[in-house]
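Working notes, beginning with the structure itself.
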Amino acid sequence: MDEFDMNWLRGRDYIEVTFPARTKEKSLLLKMAEEGVEGVVITAQNKDGSVVGHVPLGCVLFRRPRKKVEQSPEHRAKSIASLTTAREAKGAKTDENEANDDLPFEPEMDGFLGDDYGMADATEVIGWNE
């Protein structure tokens with residue numbers, strides 16, 4: 001069975017749920033029943049791995065999906081400016097180039113890929129000097 005199901009009868013203090021095998025909901029239901037959460041009862045475990053159980057109404061949450069808000073370029077610029085001001089007030093760094101100012105040492109880049117490390121020139125390896 002590959003079906004999720006929730007049944008709620010008026011006047012009952014629980015919802016009957018059915019979850020298929022290998023789902024996070026089934027694992028959560030089994031964990032809650034194992035921990036002894038009040039009102040969580042496993043009523044059946046089917047041969048295909050699905051599970052049927054009772055869950056208290058307080059364990060179920062319904063909410064509306066978020067609405068995407070479109071902002072005008074002026075409003076977006078104003079939001080960015082206020083965020084930048086708030087970060088500066090807190091002392092946060094706003095420039096990515098300032099990230100290395102706190103290093104206890106100055107990185108040395110002299111000869112990083114040069115002859116100091118025995119590296120050959122790329123033109124010599126490829127043979128373009130011939």
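Only the coordinates and a few stated rules stand behind these numbers; no lab work does. Computed from a predicted model, the values in this text were never measured in an experiment. Every residue, glycine as well, gets a Cβ built from its backbone with ideal geometry; the counts of neighbours run over all protein chains shown.
Tell me which lysines have Cα within less than 20 Å of Lys78's Cα, excluding those fewer than 8 residues away on the same chain?
Result set, ordered by chain and number: Lys68, Lys90, Lys93.
Using the beta-carbon distance between Leu61 and Glu88 and R0 = 30 Å, what value does 1/(1 + (r/R0)^6) give for FRET efficiency, to the nearest 0.05?
For Leu61 and Glu88, the calculated efficiency is 0.20.
Taking amide H positions as placed in the peptide plane 1.01 Å from N, state which residues far from Ala21 in sequence (5 or more) or on other chains have amide H under 5 Å from it.
Amide H to amide H, under 5 Å and 5 or more residues apart or across chains, Ala21 pairs with Ser50.
With a 10 Å radius around each residue's Cβ, average the other Cβ atoms per peptide and rank 21-33, 64-76, highest first.
Packing order, densest peptide first, comes out as 21-33, 64-76.
Between the range 47-76 and the range 11-38, what's the alpha-carbon centroid distance in Å?
Going from one Cα centre to the other spans 17 Å.
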